[in-house]
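Undergrad: Have a look at the structure that comes next, please.
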Amino acid sequence: MVLNSQQSLLWGMNFRVCYLLLALLLGACSSSPSQQSNTQQPIVNQADDAITEARYSQNLSTLLNQVSQTQEIPLQTLENGFLDAKTIPSIRKLVLPPSGTFKKNWLAYRKRFIEPVRLKAGKAFWDENRAFLSQVEQDSGVPAEMIVAIIGIETIYGRQTGNFRVKDVLSTLAFSYPDTPNKPAREQLFKDQLQELILLCWTEAGGKLPAKNSIRGVNVTRFNTCLNQNSSYAGAIGLPQFMPSSIRSFAVDGDGDGRIDLKQSPKDAIASVANFMKQHGWQAGMPISFPVQENAIPVAKQWADGEPQLKYTVAELIEQGILLPQQGDLQSGGVEPQSKALIVDLPYPDKDGLDQAQYFVGLNNFLTIVQYNRSYFYAQSVAEFAEALGYKNQSVVPATLSNEALAKAADQKSFADKSKVKSSKKSNAKKKTNPN
């Protein structure tokens, strides 16, 4: 009997399930009580694994069918690309939330990322790409220090990009996410990312969307290579650790070679980070965050609700003593008084294990960094990494014009006024000689 690829996949899956169940029955018939007690736990785990694998295979098959139908990609090609897909048990452990006794530690987090090795690597990366970084900064308004900081914190400039196969990661988290309160939402997120990966790889291989059930022009080897590329344990790819949806939406060809390669091309990574930040609302020439004034920490503590929303005006924060008046003044390196901000709390345990926190006022650019990685710890680390590289956390509006510039402006105004007077005299003279 000739089976199509989907039938073969399901038949093989059912065979594995039946085989494992048969093993269970044979194990249960053992005549030795001591052997039964010794092997009981592993056998139960095998059965659980078999059920999980069966569910995984069925759900993956359903998703491939959906992508095939909506994008008109030949199902055979998709199934061939996922024939060797597998769940990765260690991934399920890595995404588990911390235990109830775990305490967030901002100081330990900061120390992990803002440290000599990364900073030294950051300066070297900047030197190697200085001209291009300057060009991108000029075009996008995103400071070079900010771009270098993000790539440094994400992967130490490509040293730590992950060693899991991306299709295995995303399919594991889409169809075998651990039992947590947010499991349905997380599974849906990774299902969406798995679909985005398929479409990303299809277009990278030369395919069009919709494909109209044709593989004409598609390099199948390149399609499969894309599906099998390495990623982090969450499915993030390359130097800047973009998820597949972000690659499709925000990655750009920085080096001009006609393709986007976030793994090997620093220019593609630099341009893509800048584009992401710009598209998510980065305000050129504006600061990122300000520390809360010491005497206003009790008020800041009450206003810190953990919601990543700009809800307070800088004027209100100045009124409460949380910010200094000059921080609401563009001429002093601050921002406009009506700019919106949020209170950021960064908790840590002190040496006695008591809960403490550092407080900051996060401005628009702080929230833009949060869009890159939804963590206050991450955003403030990026800001401080950039400052360590030389970023000035203040507005770039000049405080005062130079004397020379003021004199030049006065001369131009005087010249304009004299021109208006002369023009007015000529007009009046014409009116007197020509009464009509």
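Undergrad: Take the residues in the stretch 152-183 that are among the basic types (K, R) and not in a loop (DSSP other than H, G, I, E, B), then tell me which one is nearest to W202 (Cα to Cα).
TA: Ranking the qualifying residues of the stretch 152-183, first place goes to K167.
Undergrad: If you don't mind, another one. Just checking, which of Q283, Q279, Q327, Q293 is under 23 Å from the mean Cα position of the chain (by Cα), closer than 24 Å to E387 by Cα and without any contact (Cβ under 8 Å) to a residue 40 or more places away in the chain?
TA: It is Q279.
Undergrad: Still on this structure: Check W106 against each of (1) over 20 Å from Q241 (Cα atoms); (2) open to solvent by 50 Å² or more (accessible area, probe 1.4 Å) and name the one condition it does not meet.
TA: Only one criterion is unmet by W106, namely (2).
Undergrad: Separate question: Which of the residues belonging to the stretch 137-162 are open to solvent by 10 Å² or more (accessible area, probe 1.4 Å) and either hydroxyl-bearing (S, T, Y) or out of contact with any Ser or Thr (no Cβ under 9 Å at 6 or more places or on another chain) (or both)?
TA: E137, Q138, D139, S140, G141, P143, E145, I156, Y157, G158, R159, T161, listed by residue number.
Undergrad: How about the stretch 100-143: which helices (runs of 4 or more DSSP H) wholly inside it have at least 3 residues that are of a type in the set (S, T, N, Q)?
TA: Filter on the stretch 100-143 gives 130-140.
Undergrad: Any chance you could count how many residues in the stretch 151-182 are over 14 Å from A234 (Cα atoms) and aromatic (F, W, Y)?
TA: 1
Undergrad: Would you be able to say whether some residue in the stretch 319-330 is open to solvent by 30 Å² or more (accessible area, probe 1.4 Å), over 25 Å from G285 (Cβ atoms), out of contact with any Lys or Arg (no Cβ under 9 Å at 6 or more places or on another chain) and modelled with pLDDT under 95?
TA: No, there is no match, as no residue in the stretch 319-330 is open to solvent by 30 Å² or more (accessible area, probe 1.4 Å), over 25 Å from G285 (Cβ atoms), out of contact with any Lys or Arg (no Cβ under 9 Å at 6 or more places or on another chain) and modelled with pLDDT under 95.
Undergrad: Scan the stretch 166-181 and tell me whether some residue there is under 18 Å from the mean Cα position of the chain (by Cα), modelled with pLDDT of 95 or more and of a type in the set (F, W, Y). Working first, answer last.
TA: As a first pass, look at the stretch 166-181 and keep what is under 18 Å from the mean Cα position of the chain (by Cα): 166, 169-170, 173.
Subsequent filtering for residues that are modelled with pLDDT of 95 or more retains 166, 169-170, 173.
Okay, now just the ones that are also of a type in the set (F, W, Y), so none.
Looking through the stretch 166-181, none of the residues is under 18 Å from the mean Cα position of the chain (by Cα), modelled with pLDDT of 95 or more and of a type in the set (F, W, Y).
Undergrad: Another question, then. Tell me the residue from F175, F190 that is touching a Lys or Arg at 6+ places or on another chain (Cβ under 9 Å) and more than 16 Å from T225 (Cα to Cα), please.
TA: Result of the check over F175, F190: F175.
Undergrad: Also, I was wondering about something else. At least 2 residues that are modelled with pLDDT of 95 or more in each: list the helices (runs of 4 or more DSSP H) lying fully within the stretch 333-436 that qualify.
TA: Numbers: elements: 364-372, 376-388, 403-433.
Helices (runs of 4 or more DSSP H) meeting the threshold: 364-372, 376-388.
Undergrad: Which of the residues belonging to the stretch 373-392 are open to solvent by 30 Å² or more (accessible area, probe 1.4 Å) and within 16 Å of I147 (Cβ to Cβ)?
TA: N373, E384, E387, A388, G390, K392
Undergrad: Specify the residue that is farthest from K267 (Cα to Cα); the eligible residues are those in the stretch 111-149 that are in contact (Cβ under 8 Å) with a residue 40 or more places away in the chain and β-branched (V, I, T).
TA: I114
Undergrad: State yes or no: is V344 over 30 Å from I156 (Cβ atoms) and surrounded by 14 or more Cβ atoms within 10 Å (Cβ to Cβ)?
TA: no
Undergrad: Cβ-Cβ distance below 6 Å, separation of 6 or more or different chains: which pairs start in the stretch 362-381 with a residue that is closer than 14 Å to I153 by Cα and end on one that is in a loop (DSSP other than H, G, I, E, B) and at pLDDT 95 or above?
TA: Close Cβ pairs (under 6 Å, with a partner that is in a loop (DSSP other than H, G, I, E, B) and at pLDDT 95 or above) amount to V370/P308.
The values are calculated or read from the model by the stated rules, or taken from the named source; none is laboratory data. Keep in mind that this is a model prediction, so the values were computed, not measured. Virtual Cβ from ideal backbone geometry, glycine too; neighbours counted across all protein chains shown. Heads up: the accessible areas ignore ligands, DNA and RNA and are worked out on the full protein's heavy atoms, side chains in. Shrake-Rupley method; radii C 1.70, N 1.55, O 1.52, S 1.80 Å.
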